[in-house]
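The structure appears below as structure tokens.
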Amino acid sequence: MQLAAIIVSLVLIVVGVALFGRALLQIFNHLRLGQPVPAGTRTNDPAQRTVTLAKEFVGHTRMNRWGVVGVAHWFVAVGFLTLLLTIVNAIGQLFKADWILPVLGDWAPYNVYVEFMGTMTVLGIVALIAIRQLSHPRKPGRKSRFAGSNFGQAYFVETVILIVGVCIFMLHALEGAQHHVDGYEASFFVSYPVVSWLEGMDVSTLQNLTYFFAGLKIATSFIWMITVALKTDMGVAWHRFLAFPNIWFKRNATGETSLGALLPMTSGGKPINFEDPGEDDVFGVSQVEQFSWKGLLDFSTCTECGRCQSQCPAWNTGKPLSPKLLIMSLRDHAHAKAPYLLAGGGKTMEGEEKASEEALKDVPAAALAEAERPLVGTAEENGVIDPDVLWSCTTCGACVEQCPVDIEHVDHIVDMRRYQVMIESAFPSEAGTMLKNLEKKGNPWGLAKKQRLEWTKEVDFEVPVVGKDIEDLTEVEYLYWVGCAGALEDRAKKTTKAFAELLHIAGVKFAIMGGDEKCTGDSARRLGNEPLFQELGMENVMALNTAFGEELDDEGKVVAESAKPKSAKKIVATCPHCLNTLGNEYPQLGGDYEVIHHTQLLQHLVDEGKLVPVTPVEGIITYHDPCYLGRHNKIYTPPREIIGKVPGLRNEEMHRHKERGFCCGAGGARMWMEERIGKRINNERVDEALSLNPDIVSTACPFCLVMLTDSVNGKKNEGKAKESVQVVDVAQLLLDSVRTPVDPAGEAETESEPEPEPVK
């Protein structure tokens, strides 16, 4: 047995190490096929990136959101990395059964650690196996987050970990038996009963058992290594190596998720100048090799855990998009096409082959066939990604928020959309009307710019307009960015008027841009029309910089050395999409502003006593987190704080809230596209809200307000919701409570408190 174990183990070690080294080189060459990224964007602040990586791995910050799964995975992952010396120990035991590591082998703390971590690795993998079985999609459907994952690969990996863990435990116990541990001690605090049982055996039996378990451990480990080396697209195995660089190279060195701003369009690692694009510039992604190397790394890192899938509003409402399956499809396509690309293959913009026939003669037929597949195309076209998958995304960010290895799904989806919109003009027809209206009128509804001021006639106080009532914003504290919906959509205008009135009551000086305000370009950019976003954005930035008192040159850029007095550049927005674009994306265009959401300012005013909620608003309320306020900008507390200050309200959280909040269905330009597949996302969300039997459904976004109101009204018409249910913005709730109560005679009670001072 000893001789057989030695021969088999040494052969497997040599073959495994050689193949694994070759696989690492293959993956490196594979990633080099991707496009470069702008200099410094993935390698800035290396020390902070290393700290972020350590925090995410050691703390398992994403995994631990899933309770016992996170704890079990922590022990499996940490055990894999920290018990590597047990392989060395097992090799030594093949030659001498009672061999132990020099120095460490007799050191009690090390033995205690091996005992504990080996045991917990076994328990951890048993827990994960049980969870996978309990979540197994035994019938076709979408309930399981593992639906569509490669179960055979997962079973193989789990079996390997279980066998190796048992071998570590048994080899440690055999050490104790052969070294005559005759009493309970810390180094064998779990395995001592096994040690006592083994000590009843003769030396020959103990040696043979040692050879068996050492050989089994080594054989299992290196069969696993050989298998994954031969299958470099096995994400369920390779993520344990690739997750580390993928997290280290994530967009934000400090660890924030890759949400908020979209990345500027680049070609060859350089930003595209849309006023004078280069002849070789590539717009968007139409071939898998046009993704950046970080994109290819993302695809290879996917572990198929399905957390993104379980949170995706499209997948949960019967649509074809699963973020997991999308990434898996891109990974499989990239790996299958790699031999063709590594041989120099590729297509020009005109569709001609770059490589000669001679260069491609040794390329496998399967790789050549894969190269002919369109990246985006229908099943009839043999496309890798179906158009319905691409256009189902609301860019809500739930997938990015939940991914434990920091895959940037939204960026990749938008990159593919960009090519479809800008080059192919292939996108849902309804969105075309929105784009035309943005181009001609500067708003999605195509209304005249003078109508942006109509709401000001419906309030009983003056609303200053920049350039009309005041010269610039040096005279006020805040610019109120009303937004297209807030100015032009009837339901959203109620929020606008409520917020403006609250500012007036609190004595906050503010002004609006009026007709000079144009759409920020959020929907255009997320649809994929980057040039239109750039056009709208540059016009808004120039108007804003002028309004803030900046001196501009002929190109509209801020003159840095200008001595002209400037305002503080404070903007408050009621629309989270405007908030996100103004605050996170306009810096890409030369507009740096301090942008806050109206709920943040209102919470501050309430805390300062400038607004005092006194009138009870009776009933049960449930709050819906807007995706672009919550996940994209991490603003969860202010709306809830305001609701908590309004007397009479009892807040009930929906099952999916905060980081796991469910989308209303309007993001990613879906506001302007009809849902023709599956259940409407807003209906799914409203069903969840109505299950709490609320009197009020509240939110803090005009898009969400429209979507939720439409669904609630539909439910009322169907008799599935009580007539008294109302959908309101947090600002409307606060205004109802802040307004002075009316006495029975119909006259307003006088306020006892003095008029509040303006906010400093």
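Placing a label point 7 Å from the Cα of ILE470 along the Cα-to-Cβ direction, the residues of the stretch 527-552 whose backbone N falls under 11 Å from that point are 548. The charge dipole of the stretch 582-667, taken about the Cα centre with unit charges on the Cβ atoms of Lys, Arg (+1) and Asp, Glu (-1), comes to about 260 debye, rounded to the nearest 20. Computed on the chain, with alpha-carbon pairs under 8 angstrom and 6+ residues apart, the relative contact order is 12 percent. With each label modelled as a point 7 angstrom along the Cα→C-beta vector, the ASP98-ASP592 pair spans 7.1 nm. For the stretch 1-26 versus the stretch 397-455, the spacing of their alpha-carbon centroids is 52 Å. The long axis of helix 108-134 is offset from the longest Cα principal axis of the chain by roughly 60 degrees. About its Cα centre, the chain has a charge dipole of approximately 2080 debye under the convention of +1 per Lys or Arg Cβ and -1 per Asp or Glu Cβ, with nothing else charged. Each residue of the stretch 522-537 is assigned a 3J(HN,Hα), and the resulting list reads 4, 5, 4, 5, 6, 6, x, 8, 5, x, 5, 4, 4, 5, 5, x Hz, derived from the Karplus form 6.51 cos²θ - 1.76 cosθ + 1.60 (θ = phi - 60°), x at Gly and Pro. Of the cross-linked pairs LYS250/LYS337; LYS509/LYS715; LYS494/LYS569; LYS436/LYS557, those separated by over 29 Å at the C-alpha level are LYS509/LYS715. Near the amide H of ILE385, within less than 5 Å, lie the amide hydrogens of VAL376, GLY377, all on another chain or at least 5 residues away, with H placed in the peptide plane. Accessible surface for ASP516 stands near 90 Å², nearest 10, in the context of the full protein assembly shown (1.4 Å probe).
Projecting the Cα atoms of TYR419, TYR593, PHE169 onto the dipole axis of the chain, where Lys and Arg carry +1 and Asp and Glu carry -1 at the beta carbon, places PHE169 farthest toward the positive end. The length gained on full extension between PHE244 and VAL203, counted as 0.36 nm times the residue separation minus their Cα-Cα distance, comes to 10.3 nm. Once the Cα atoms are used to define both axes, helix 2-31 deviates from the longest principal axis of the chain by about 30 degrees.
Each residue of the stretch 539-548 was assigned a 3J(HN,Hα) from its phi angle through the Karplus expression (A = 6.51, B = -1.76, C = 1.60, θ = phi - 60°), giving 5, 5, 4, 5, 5, 5, 4, 5, 5, 7 Hz with x at Gly and Pro. Sorting the Cα pairs of the stretch 380-469 by distance into bins of 5 Å, from 0 upward, gives 2, 10, 13, 15, 13, 11, 10, 10, 8, 4, 2, 1, 0 percent per bin.
Taken one residue at a time, the phi angles of the stretch 720-734 give Karplus couplings (6.51, -1.76, 1.60, θ = phi - 60°) of 9, 9, 5, 4, 7, 5, 10, 10, 9, 7, 4, 5, 5, 4, 5 Hz. Gly and Pro are set to x.
Quick one: if the Förster radius is 45 Å, what FRET efficiency do THR615 and ASN64 give, using the C-beta to C-beta distance and rounding to 0.05? Between THR615 and ASN64 the formula returns 0.60. Shown for the chain: the carbon plus sulfur share of the solvent-accessible area, taken with all protein chains present and a 1.4 angstrom probe, equals 56%. On a per residue basis, the chain carries 42 Å² of accessible surface, using protein heavy atoms and a 1.4 Å probe. Over the Cα atoms of the stretch 128-237, the radius of gyration divided by the Kirkwood radius equals 1.14; this is the Rg/Rh ratio.
Among residues other than VAL203 with Cβ under 15 Å from its Cβ, the summed charge is -3 (Lys and Arg +1, Asp and Glu -1).
Accessible area of PHE116 (1.4 Å probe, protein heavy atoms only, ligands and nucleic acids ignored): about 80 Å². Ordered by 1.4 Å accessible area with all protein chains kept, SER9, SER329, SER204 run largest first as SER204, SER329, SER9. In this structure the amide hydrogen of GLY619, modeled in the peptide plane, comes within under 5 Å of the amide hydrogens of ARG650, none closer than 5 places in sequence on its chain. Once the C-beta distance of ALA355 and ASP332 is scaled by a Förster radius of 22 Å, the resulting FRET efficiency is 0.45 to the nearest 0.05. Ordered by solvent-accessible area of protein heavy atoms (1.4 Å probe), largest first, the residues TRP293, TRP481 come out as TRP293, TRP481. To the nearest 10, the accessible area of HIS172 is 10 Å² with a 1.4 Å probe. Computed from Cα positions, the angle between helix 46-59 and the longest principal axis of the chain comes to roughly 70 degrees.
In this structure, the amide hydrogen of MET654, modeled 1.01 Å from its nitrogen in the peptide plane, lies closer than 5 angstrom to those of TYR623, counting only residues at least 5 positions away or on a different chain.
Pairwise alpha-carbon distances in the stretch 354-405 exceed 16 Å for 62% of all pairs. Note: relative contact order over the stretch 149-303, using C-alpha pairs below 8 Å and six or more positions apart, is 24 percent.
Sorting the segments 279-288, 571-580 by their mean number of nearby beta carbons within 10 angstrom, highest to lowest, gives 571-580, 279-288. Sorting PHE662, PHE427 on solvent-accessible area from highest to lowest, probe radius 1.4 Å, gives PHE427, PHE662. Stretching the chain fully between ASN713 and GLU653 yields a gain of 19.5 nm (0.36 nm per residue, less the alpha carbon separation). The slack between LEU10 and ASP106, meaning 0.36 nm per residue of separation minus the straight C-alpha distance, is 31.9 nm.
The values are calculated or read from the model by the stated rules, or taken from the named source; none is laboratory data. Please read these numbers as outputs of a predicted model, since none were measured by experiment. Every residue, glycine as well, gets a Cβ built from its backbone with ideal geometry; the counts of neighbours run over all protein chains shown. Only protein heavy atoms, including side chains, enter the accessible area calculation; ligands, DNA and RNA are left aside. Shrake-Rupley method; radii C 1.70, N 1.55, O 1.52, S 1.80 Å.
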